[in-house]
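These notes are about the structure you will find just below.
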Amino acid sequence: MLRYLIQKEFTQIRRNAFLPRLIIVFPIMVMCVLPWVMNMEVKNIVVDVVDLDRSTKSQRLVHDIEHSNYFIFRGQKPTYSEALKDIEHAKADVVVVIPKDYDKQLQSGHLPQVLVASNAVNGTKGSIGAAYLSQIVTANANPNAAAIQSKVSTLTLYNKHQNYKLFMIPALFAIVMMLMTGFLPTLNIVGEKESGTIEQINVSPVSKWVFILSKLIPYWIIAIFVITICLILAWLVYGITPEGSIWLIYLLAMLLALFFSSFGLIVSNYSDTMQQAVFVMWFFIVCTLLLSGLFTPARSMPSWAYLTTYVNPMHYFIDAIRTIFVRGGNFHSIVHQLLALAGIGTFMAFWAVQSYKKNN
């Protein structure tokens, strides 16, 4: 009986002109577009410079700023008030004011006070931009600063080139899995409710467990297919391959698919219309995604918000897949995350079965 129900699910997916295309095109779009735009590195900071000294030394500082890869040099302004207007009109992010007698103070052994005014509407861009400029100003004013910095030994582990794509691509697997195995089962059952075809199953001798499994298994197979596409694209497009075992990635993907497909069925069991199911799923998925540590470190959250990560499967998945993908962790490195995902997924699957109301 289970075999025929699974065949029915795949037949319904094939007959839908949109779903097969979505299953193929969506992971391709996510893997080929999002790694380029979901970049938290701060670059292209627009800078205005006010040079009140006009000396050789001050102009050298201006040229250092102009040739930095992190800044877009917008030009020199005669006064601070004119430069500030550019910030007020969102034409500049940072203003650097070089004081009078800048060169003379350096020659006398004093460190001149250089003003760095940053637009902190975007706090991250403003603070990091000001920090970059402070380093350039310090290096220009004190030649010994570079020598002191050279004595500090820095060792970058795992992601040696600090490639942000290597950090983000494993997490994108979670987004693809979330939408493919979460939304599709939800809309499947609700669609059958609206069309009335689910009543034929309700009056049949099929048990609730068999019916729920017939709804989950096709999307687990789709999850394996989608993860395979993502792995191939990561290798072909970016030259990125997992440092750890690829089978652990598939295991994590299946556990995450168990959770989201079960959660999607729970939402569909309690929803009567497609619109209601979509809004409920969207609410929970946005909260799960933002509280997972996908974009920002989870430890940066307030303590009360960090407590939610203990029941957030996305947090466990992202933490584990980055451990495997970037650091080359083994089974023992992620056993805690695997157990958590298995426990949460099993609980949700049991709830999905119990919440389904079948007419015997």
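The values are calculated or read from the model by the stated rules, or taken from the named source; none is laboratory data. All of these numbers come straight from a predicted model, not from anything done at the bench. Virtual Cβ from ideal backbone geometry, glycine too; neighbours counted across all protein chains shown. Surface areas here come from the heavy atoms of the whole protein model, side chains and all, with no ligands, DNA or RNA. Shrake-Rupley method; radii C 1.70, N 1.55, O 1.52, S 1.80 Å.
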> What size of dipole, in debye to the nearest 20, comes out for the chain about its Cα centre when the only charges are +1 on Lys and Arg C-beta atoms and -1 on Asp and Glu C-beta atoms?
Replying inline: 700 debye
> Where a ≥ b ≥ c are the square roots of the eigenvalues of the C-alpha gyration tensor, would you call segment 37-100 rounded, which needs a/c under 1.5, or, failing that, prolate if a/b is larger than b/c, or oblate?
Replying inline: oblate
> When the chain is treated as a GNM, springs tying every alpha-carbon pair under 10 Å, which of Asp48, Asp101, Asp319 comes out with the largest mean-square fluctuation?
Replying inline: Asp101
> Taking the radius of gyration and the Kirkwood hydrodynamic radius from Cα positions alone, what is the Rg/Rh ratio for the chain, to two decimal places?
Replying inline: 1.14
> How would you rank 174-184, 4-14, 221-231, 26-36, highest first, on the average number of other Cβ atoms within 10 Å across their residues?
Replying inline: 174-184, 221-231, 26-36, 4-14
>> How much length would be gained if the chain were fully extended between Ile28 and Leu339, taking 0.36 nm per residue of separation minus their Cα-Cα distance, in nm to one decimal?
In response: 108.9 nm
>> What number comes out for accessible area per residue over segment 261-360 if the probe is 1.4 Å? Units Å², please.
In response: 51 Å²
> Sorted by packing (mean other beta-carbon atoms within 10 Å per residue), highest first, where do 233-243, 343-353 land?
Replying inline: 343-353, 233-243
> With r defined as the distance between the Cβ atoms of Thr346 and Val280 and R0 fixed at 22 Å, what FRET efficiency is calculated, to the nearest 0.05?
Replying inline: 0.50
> Taking the chain as a Gaussian network, Cα atoms linked when under 10 Å apart, which of Ile246, Ile136, Ile285 shows the biggest mean-square fluctuation?
Replying inline: Ile136
> Gain in length, Val210 to Gln162, computed as 0.36 nm per residue apart minus the alpha-carbon separation, to one decimal in nm?
Replying inline: 12.5 nm
> Over segment 1-86, what percent of the accessible surface lies on carbon and sulfur atoms, probe 1.4 Å?
Replying inline: 58 percent
>> Can you compute the FRET efficiency between Glu66 and Leu2 using 1/(1 + (r/R0)^6), with r the Cβ-Cβ distance and R0 = 56 Å? Round to the nearest 0.05.
In response: 0.25
> Please state the relative contact order of segment 161-303 as a whole percent: Cα pairs under 8 Å, 6+ residues apart?
Replying inline: 41 percent
>> Assuming 0.36 nm per residue, please report the length gained on full extension of the stretch Met301 to Leu155 beyond their Cα-Cα distance.
In response: 49.9 nm
> What ranking, highest mean first, results for peptides 321-328, 300-307, 118-125 when packing means the other Cβ atoms within 10 Å averaged over each residue?
Replying inline: 321-328, 118-125, 300-307
